[in-house]
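Structure first, then comments.
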Amino acid sequence: MNMLLRSKGKIGGYTADIRELLTSSGVYALASLALPLVALVLSPFLTHTLSRTDYGILAVLTTATSLLTGITQFGLNNAFFRAYNYDYESREDKLAVLSTVIILLALSSLPLALAVVWLAPWLALLLLGNSSYSNPVRLLALIVVLQNLTVPGFSWLRAESRAVFYAALSILNLLVNLVMTVIFVGTFQLGVSGALLAVVVSYGLVVICTLPLILTRIKLRFRRDISWNLLSFGLPLVANLVSIWALQLADRFLLSRLGSLAETASYTVAYSLGGILGVLVLSPFSLAWPSTMFAIAKRDDAVALFRLVFRWYSIFLLFATFGLMLASVGALYLFFPVSYYAAMPVIPIVALSIMFFGMYNYFTVGISIRRKTWLAVLLTAMAALVNIGLNVILIPLYGSIGAAVATLAGYLLLAIGGYIVNQRLYPIPFEIGLFCLILSIGILLYGCGGLLVQMQKIDGIGALIIFIGLFCLYTGMQIYLCIHSSSTSECHVNLSEKA
């Protein structure tokens, strides 16, 4: 009887935790869904309005913005969740965490922004080969400050599980960016500066909506003990973020230098379409996961629950990768100028890369729980070095395809390294065999479909029908394998209980 009650308690606990994770992820997904919808309007608009060279310049400046925000945030966007949800219990301490984060971000952002404004002509020459782009570089500095000041508000809403408020604010941010871009670039013809100015307005709105609200709830004060807690966890992640930047964005900078700005523009469009998986799946999950992960870690049956979450997360990731990859190829042909079509083969390679990054994100469970963030730094640094090295070798030979292959190699290495490290720190019986089987089937089906279309010279609706059929076949095979695997697992559990 006691065993039965414990079993029911575990099942109830599993259900509650997974339901909370799915609910939070679902709400966050609504916000993430707005991003590709806005991008579906914004990217074609910019590619039709700006020249390929100007769009390439915008891509390089966006890349630089990501690097600067990653450095100046000191890893606080991740450290906040451990401190707020795991290390401190009292309400007073939690509010002190929020206050300390605001002060640290202000201290890191403002001096760097002033330096960028002062050195703008030199930075424009370094990044773009032309000092006449000083004003866009100055706008970049303002974007860094405002984006960093959105971190406390967005992080606090996530930590307090106010997913609806978070989603509404995120969607508002994207819509304002869309409208302002159309006005500044389309109506006022401000070019690259107009696109950046729209980002300034959208982040400024988020700061206005969150920072005053937070400041009315807390006493703005600096706690040294909390600062040490945050920085000791977050600072090692800065190197990790720089490495992630190198994996995700350095290829654009290298392509602009080793190739051309026009080729960088085409690659950026293809990369954005192939990376839609990160927006629709990885982003909502990663927003909901930190709080849920640390809550699961406190449970006695944490390992079993981590295994269960991985099973369905990885299977859904494979399903989404295949479907969104096909949808992205269709979007390229439907909404973008013909001059961008040459980068189409980049899309499936990037989609596969982002899928491996999603796997790595889950494999960092042990690193986070055991507080071994320096291992994440080593892993991402290793993958980034491989990626950059391959970019330097492959871009001169194969252009954008070489950049995409280098990215895939880096992410694959990162996922394998993350799995090995996790199994040493915090062993979890992941169902890697099932994952690899379903992945191999997907690659085989997509490859056969592409070969058939190419050999028979099928295009348009005919090619679309073939790939839709392959997607349906892939989905059916996934369902069969999952059901068969579940039955096998239950059988093993029953035999173990009898033994």
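Summary table below
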| quantity | calculated |
| --- | --- |
| Nonlocal Lys pairs with alpha-carbon distance under 27 Å, the chain (8 or more apart, or different chains) | 8 |
| Extension gain, Cys482 back to Ser440 (0.36 nm per residue minus Cα-Cα distance, nm) | 13.6 nm |
| Computed helical MRE - 222 nm, the chain, DSSP H runs ≥ 4 contributing -39500 (n - 2.57), nearest 500 | -29000 deg cm²/dmol |
| Relative contact order [Cα under 8 Å, 6+ residues apart], the chain, whole percent | 19 |
| The stretch 205-265: C-alpha gyration tensor shape, a/c 1.5 cut-off, then a/b vs b/c | oblate |
| Chymotrypsin sites (Phe, Trp or Tyr not before Pro) within the stretch 127-208, DSSP loop, no more than 14 other Cβ atoms inside 10 Å | Phe188 |
| Extension reserve of the Leu452-Val164 stretch, reckoned as 0.36 nm per residue once the Cα distance is removed | 99.2 nm |
| The chain, dipole about Cα centre (Lys/Arg Cβ +1, Asp/Glu Cβ -1), debye to the nearest 20 | 900 |
| Mean Kyte hydropathy of 1.0 or more with a Cα span along the axis of at least 18 Å, helices from DSSP in the chain | 91-118, 163-181, 191-215, 302-335, 346-363, 373-398, 400-425, 432-455 |
| Positive-end residue of Ala302, Val281, Leu213, charge dipole of the stretch 209-302 with Cβ unit charges | Leu213 |
| FRET efficiency, Trp228 to Leu119 (Cβ-Cβ, R0 30 Å, nearest 0.05) | 0.40 |
| Neighbour-limited loop hits for trypsin sites (Lys or Arg not before Pro), the stretch 285-368 (at most 11 other Cβ within 10 Å; DSSP other than H, G, I, E, B) | Lys298 |
| The stretch 110-268: relative contact order in percent, alpha carbon pairs under 8 Å with at least 6 residues between | 18 |
| Charge dipole magnitude, Cβ of K and R +1, D and E -1 - the stretch 50-239, Cα centre, debye nearest 20 | 200 |
| Alpha-carbon centroid distance for the pair the stretch 171-224 / the stretch 413-451, whole angstrom | 39 |
| Leu473-Leu213 FRET efficiency (beta carbon distance; Förster radius 41 Å; 0.05 resolution) | 0.25 |
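Rule-based calculations on the coordinates, nothing more; no lab input. Because the structure is a prediction, the values reported are computed rather than measured. Cβ: placed from backbone, ideal geometry, glycine included. Neighbour counts: every protein chain shown.
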